[in-house]
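A short worksheet on the structure shown next.
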Amino acid sequence: MKTGIAHLPLHGGKAPAWLFQRMKRLAREITLAIVSEYGPQEMLQKLSDPFWFQALGCVLGFDWHSSGVTTTTCGALKEGIKGLEKELGLFIAGGKGGTSRKTPSEIISAGDQLSCEPEKLVYASRMSAKVDSSAVQDGYQLYHHSFIFTKSGDWAVVQQGMNDANKYARRYHWLGSKVTNFVVEPHQAICCDSRGNALNMTAVESEEARQTTVMLSQVKPDTLVGEIKKMQNSMSRNFKPSGAGTIHPVQHDGVCHAERSETSHLYLPSHHHVDIHDIHPDRLYKIFTKTYESVPENFESLLGIEGVGPKTIRALALISELVYGKAPSFNDPVRYSFAHGGKDGHPYPVDKDTYDRSIEILRKAIKQSKVGNSEKMDAFKRLNYLMH
C-alpha cells in the first residue's frame with residue numbers, strides 16, 4: 001500500500017563531528033533496544049514509516065526539516081551497528097552519492113550470513129531505485145539509497161532525490177514485505193509538503209499504459225523512432241503531411257487523449273513529464289533495439305532492462321497516450337505532509353548533556369535487558385518521552 005514520500009528543503013553543510021559521534025552511539029542503542037525486544041523485522045517496519053524515521057532524526061538531534069536528516073540518520077544507523085550486524089541479524093548497505101553504487105557489493109559481501117540468495121536482495125535494491133528514477137518521474141534525481149535487510153531476506157529502502165529547481169528533496173520509503181508488485185503502488189510511505197507535476201507509471205490507473213508501453217517496446221525501432229519524429233514535426237509545423245490525418249484531443253473519464261482527424265492541426269496533452277521536446281529519437285534507437293530483441297513480458301521486465309531510463313519510459317508513454325489513448329497517471333503520489341525544525345539551532349540548539357544522558361540510559365537498559373531486567377521497557381518509555 002502506498003502511503004507517502006517525504007519532501008524536505010535542501011540544506012547545505014554536514015553534521016559536526018561531535019554531533020555525529022553521538023548520533024552513531026544513540027542510533028546503536030535505539031537499534032539494539034528495538035531488535036532486542038521485537039526483532040530485526042520491526043526495525044524495517046519503523047524505518048519504512050516516514051514519520052517514525054523523522055522522529056528518529058529529531059531524537060538524534062539533526063535538522064528536523066531538512067534533506068540532511070535522511071542521509072545523516074541513515075549514515076548514523078549504518079555506522080552505529082557496524083560490527084554488530086551478525087548479532088543483530090540486521091544489515092545496512094548503500095548511502096549517499098558514490099556509496100549508493102556500492103549497495104550490490106555490500107549485499108553480496110553479507111551473503112554467507114544470509115539464509116536467502118543475496119541476488120534476490122540485489123534485485124530489490126536495483127528495482128526500487130529504477131522505479132523511483134524512471135517509473136515515477138517527479139523532477140527529483142536520486143542521490144541517496146540505503147538498503148536495510150535481515151538475514152532472513154526481509155528488506156526496506158530509504159532513498160532520496162533532489163530537485164535543484166525548487167531546492168527540495170523527496171524521500172521514498174519501501175517495505176519489502178508489503179511489496180506485491182514492484183511497479184504497482186509499491187511504496188510503503190509518501191509524505192510531502194507540496195505537489196508538483198509527475199508521470200506516475202506505478203499508479204493503479206496506469207495499468208493500461210503499462211501494458212501498452214510493453215507492447216510498444218516490442219515494435220521495431222524504426223517504427224517507434226518514426227512515430228516520435230512525426231509528432232515532433234507536427235508540433236513544430238502545427239500540421240501533418242497531406243493525407244496523414246491529424247491528432248486531436250478527446251476526453252475519456254476527464255483525461256485528455258489525442259486522436260486523428262482529416263484537418264491539419266495537432267493538439268497534444270500538456271503534461272510536463274511527457275514532453276516531446278527533449279526526446280531525441282535517434283539516441284533512443286539503440287535502446288529500442290534492445291527492448292525489441294529482449295521481448296519483455298511485462299512492465300517490470302521492461303523497466304529492468306539495462307539502459308531503459310526515464311526518457312525511454314517517457315517516450316513510450318507518450319506514444320501510448322497519443323496513438324492508443326492509454327494515458328498513464330499524472331498525479332503526484334503524495335498523501336501526507338509535515339513540518340519540522342536540530343543542528344542549526346532550530347527550534348533550539350542540541351542539548352549535549354541531555355543527549356549524552358539519553359545514550360547512557362539506553363546503553364544501560366540494553367545491558368541490563370540481557371539478564372532479563374525489565375529496564376529495557378523503561379528505555380522505550382524514555383525514548384517515547386524524548387520523541388514527544
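What follows draws every value from the coordinates through simple rules; no lab data is involved. Since the structure is predicted, the reported quantities are computational estimates derived from the model, not experimental observations. FYI the Cβ positions are ideal-geometry reconstructions off the backbone, even for glycines, and counts take in every protein chain you see.
Using θ = phi - 60° in the Karplus curve 6.51 cos²θ - 1.76 cosθ + 1.60, the 3J(HN,Hα) couplings for region 26-31 round to 5, 4, 5, 5, 5, 5 Hz; x is entered for Gly and Pro. Converting phi to 3J(HN,Hα) with the Karplus coefficients 6.51, -1.76 and 1.60 and the offset θ = phi - 60°, region 148-163 yields 10, 8, 10, 5, 8, x, 6, 8, 8, 10, 10, 9, 9, x, 10, 10 Hz in sequence order, with x at every glycine or proline. Each Lys or Arg adds one and each Asp or Glu subtracts one; over the other residues with Cβ under 13 Å from the Cβ of residue 89, this totals -2. For the pair residue 197 and residue 115, the difference between a 0.36 nm per residue extended length and the Cα-Cα distance amounts to 25.3 nm.
Put simply, the amide H of residue 202, placed in the peptide plane, has no neighbours under 5 Å, leaving out anything fewer than 5 places away on its chain. With 0.36 nm allotted per residue and the present C-alpha distance subtracted, the residue 301-residue 205 stretch has 32.6 nm of extension available. Spacing of the modelled spin labels on residue 180 and residue 82, each 7 Å from Cα toward Cβ, amounts to 4.1 nm. At full extension, residue 166 and residue 17 could sit 50.7 nm farther apart than now, given 0.36 nm per residue minus the alpha carbon distance. Taking amide H as placed 1.01 Å from N in the peptide plane, the amide H of residue 152 sits under 5 Å from that of 115, each at least 5 places away or on another chain.
Exceeding 31 Å between C-alpha atoms, which entries from my cross-link table qualify? They are 86/167; 120/230; 102/364; 96/229; 86/290; 78/364. All intermediate terms of the calculation are to be shown ahead of the outcome.
Working: 86/167 39 Å; 120/230 42 Å; 102/364 35 Å; 96/229 38 Å; 86/290 41 Å; 78/364 21 Å.
Going by Cα-Cα distance, 86/167; 120/230; 102/364; 96/229; 86/290 fall outside the 31 Å limit.
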